[in-house]
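A short reminder: the numbers here are calculations on the coordinates, not readings from a lab. The shown structure was predicted, so the numbers you read here are calculated from the model rather than taken from an experiment. Cβ atoms come from the backbone with ideal geometry, glycine included; neighbour counts cover every protein chain shown.
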Amino acid sequence: MMRPSNGDNNRPHSRGSLGYDRLMSQMMDERTSTMRPELMTVWCTTRFNAIHHWPDAPAECGWLAYPHHHEFQVRAEVVVADEDRDVEFLLLARLIDERIEPKVGEETLTWSCEHYAIWIADVLADEGFDVFEVQVSEEGLHGARYCPPK
């Protein structure tokens with residue numbers, strides 16, 4: 001779409017003109033016709049502390065090869081059937097916490113954010129949840145997002 005030049009509101013596609021309104025309406029019709037069916041999700045957040053390292057870290061990030069601490073932040077999103085607390089997000093967070101706490105340790109020492117995200121999604125799926133997305137980050141700064149296949 002061409003932008004109007006210097007406030008020329010009489011052009012066919014300038015904001016406020018009938019042409020612009022028709023164009024925007026057409027674009028919205030095209031967009032909504034290709035979107036997936038209606039979907040409702042709920043999400044929760046939680047966090048946990050862990051030590052990890054990346055034994056094969058590249059030289060530019062050599063310090064990552066040594067064990068270091070992070071507060072991992074989790075955001076898990078699951079599909080729900082309706083708007084009446086089909087899944088209570090407080091209980092969803094509690095479930096993640098209960099499963100993470102005994103897991104973190106020697107076994108997870110080399111786990112990445114990606115690995116944690118996949119593992120959490122698998123835990124939730126095993127509990128019967130339709131997992132839409134799981135995100136895991138280091139201190140909320142950098143992380144991974146996993147969307148399991150349907």
Tell me the net charge near S112. Cut-off is 13 Å between Cβ atoms, S112 excluded, with +1 for each Lys or Arg and -1 for each Asp or Glu.
-2
Between A144 and D84, what is the spin-label point distance in nm, taking each point 7 Å from the Cα along the Cα→C-beta axis?
3.9
Step through the residues of the range 118-130 one at a time and calculate ³J(HN,Hα) from phi using the Karplus curve (6.51 cos²θ - 1.76 cosθ + 1.60, θ = phi - 60°), rounding each to whole Hz and writing x for Gly and Pro.
5, 4, 5, 4, 5, 4, 5, 4, 5, 8, x, 7, 8
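Kindly give the semi-axes, whole Å and largest first, of the ellipsoid equivalent to the range 40-146, taking each as the square root of 5 times a Cα gyration tensor eigenvalue.
Details: eigenvalues 161, 33, 24 Å².
Three semi-axes, in Å: 28, 13, 11.
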Dipole of the range 40-146, positive direction: furthest Cα of S112, A81, P58, with charges on the beta-carbon:
P58
